[in-house]
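Report on the following structure.
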Amino acid sequence: FFFFSPIYIFPLSSFCCFSSFLLFLWISEAAASSFDHHLSLISFQSHSQVPALSWFTSRKANENAGSAGMRTVALLGAGISGLLGVATVASADEAEHGLEVPNYPWPHQGILSSYDHASIRRGHQVYQQVCASCHSMSLISYRDLVGVAYTEEETKAMAAEIEVVDGPNDEGEMFTRPGKLSDRFPQPYANEQAARFANGGAYPPDLSLITKARHNGQNYVFALLTGYRDPPAGVMIREGLHYNPYFPGGAIAMPKMLIDGAVEYEDGTPATEAQMGKDVVSFLSWAAEPEMEERKLMGFKWIFVLSLALLQAAYYRRLKWSIFKSRRLV
């Protein structure tokens, strides 16, 4: 799956074509060299017997030597042009799809590893105070946080802070009420047009499945949040955009949001840029795969049960076939 990503298809295909072309030229050069060698032997053997044939073969040998030199020059030219072509395609692909993100050692990616629930709680705090003003999480309800990052009482108090439009009532009118556990996270904008108008034409994506909706999602989100740089020399960024090499095209409408000390954690953890990025990615990873821990536990149980069944099957096979395997013919 990694090599079939759009980021690698064009450089890989160009490299394969270039390698095939070099292999063809090398085979042609080897065949020409072998032919020149045999022709030189024929010329040497027939020089003392047939003068005309000797003159003809020596002339052909000189012509083949000249053509071999031309093939060598062509081979070098093809190699240089191929390398330049591959570099050009790779540079264009990097500009189109963004810089390749590094791989970070996420603690919940092990075979039997679980989420860091303290990090999920801190990540939800970062989302509430930094991200929720622009990005929605339409697939997450407050009740999903119970037992994961907060207690039931804490979650009820948190949900009661919002107002939800509900109804209609008995008179057919809509009304507002305090939020409850079954309500989903509130939307920052009424519709897509309002979101684009407030963000200069850019539409902030929903973050419910963002770590699964992007290639190499967790690493991509972390690199994007912490990857803001000053544009290099010669790169012009339009007003209202910000340079980020990990974003496709390099120009993103979202400004740098994670600044040291932007959030004051409840547990006293220093709110550095990297810490906030790690915590919010942990929260978004849990939001995209809340069943991950149960899935891993169920897989371990199935492997254990199937291992016992495999041992029983092996013992039964040995017991059943031991009569035939140990029988002697006299």
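The values are calculated or read from the model by the stated rules, or taken from the named source; none is laboratory data. Because the structure is a prediction, the values reported are computed rather than measured. Note: ideal-geometry Cβ built from the backbone for every residue, glycine included; neighbour counts use all protein chains shown.
Being within 30 Å of ILE303 (Cβ to Cβ), among the small types (Gly, Ala, Ser) and modelled with pLDDT of 90 or more holds for only one residue in SER113, SER138, and it is SER113. Going residue by residue through region 153-168, is there one that turns out to be assigned by TED's automatic domain parsing to the domain that holds GLY277, among the β-branched types (Val, Ile, Thr) and crowded, with 16+ Cβ neighbours inside 10 Å? Scanning region 153-168, I find no residue that is assigned by TED's automatic domain parsing to the domain that holds GLY277, among the β-branched types (Val, Ile, Thr) and crowded, with 16+ Cβ neighbours inside 10 Å, so the answer is no. Answer with yes or no whether GLY234 is crowded, with 19+ Cβ neighbours inside 10 Å and either closer than 26 Å to TYR104 by Cβ or over 12 Å from the mean Cα position of the chain (by Cα) (or both). Judged against the criteria, GLY234 is not a match. Are any of the residues in region 285-307 surrounded by 10 or more Cβ atoms within 10 Å (Cβ to Cβ), among the hydroxyl-bearing types (Ser, Thr, Tyr), under 23 Å from LEU99 (Cβ atoms) and over 22 Å from the mean Cα position of the chain (by Cα)? No; the residues of region 285-307 include none that is surrounded by 10 or more Cβ atoms within 10 Å (Cβ to Cβ), among the hydroxyl-bearing types (Ser, Thr, Tyr), under 23 Å from LEU99 (Cβ atoms) and over 22 Å from the mean Cα position of the chain (by Cα). Would you confirm whether any residue within region 194-212 is more than 22 Å from the chain's Cα centre (by Cα) and among the polar types (S, T, N, Q)? Looking through region 194-212, at least one residue is more than 22 Å from the chain's Cα centre (by Cα) and among the polar types (S, T, N, Q).
Given the structure, is TYR246 crowded, with 18+ Cβ neighbours inside 10 Å and either out of contact with any Ser or Thr (no Cβ under 6 Å at 6 or more places or on another chain) or in a loop (DSSP other than H, G, I, E, B) (or both)? Yes, satisfied.
Here LEU181 qualifies as at pLDDT 95 or above and touching a strand residue (DSSP E or B) at 6+ places or on another chain (Cβ under 8 Å).
Does SER182 satisfy being exposed (fewer than 13 other Cβ atoms within 10 Å of the Cβ) and of a type in the set (Ser, Thr, Tyr)? Can you show your working first?
On the way: exposed (fewer than 13 other Cβ atoms within 10 Å of the Cβ): yes; of a type in the set (Ser, Thr, Tyr): yes.
Yes; evaluated as a whole, the condition is true for this residue.
Listed by first and then second residue, the pairs linking a residue in region 272-292 that is in contact (Cβ under 8 Å) with a residue 40 or more places away in the chain to a residue that is charged (D, E, K, R), with Cβ atoms under 7 Å apart and 6 or more places separating them unless they lie on different chains, are GLU273/ASP260; ASP279/ARG122; SER282/ASP116; ALA288/LYS212; PRO290/ASP144.
Any residue in region 207-225 that is touching a Ser or Thr at 6+ places or on another chain (Cβ under 8 Å), in the same structural domain as VAL126 (by TED's automatic domain parsing), assigned to a loop (DSSP other than H, G, I, E, B) and closer than 21 Å to SER133 by Cα? Yes, that holds for at least one residue.
Go over the candidates ASP267, ASP260 one by one and state the one that is over 21 Å from the mean Cα position of the chain (by Cα), free of Cβ contacts under 8 Å to residues at least 24 places away in the same chain and assigned by TED's automatic domain parsing to the domain that holds GLY123. Exactly one residue qualifies, and that residue is ASP260. Given (1) more than 34 Å from the chain's Cα centre (by Cα); (2) not in a loop (DSSP other than H, G, I, E, B); (3) not small (Gly, Ala, Ser), identify the lone condition not met by GLN129. For GLN129, the failing item is (1).
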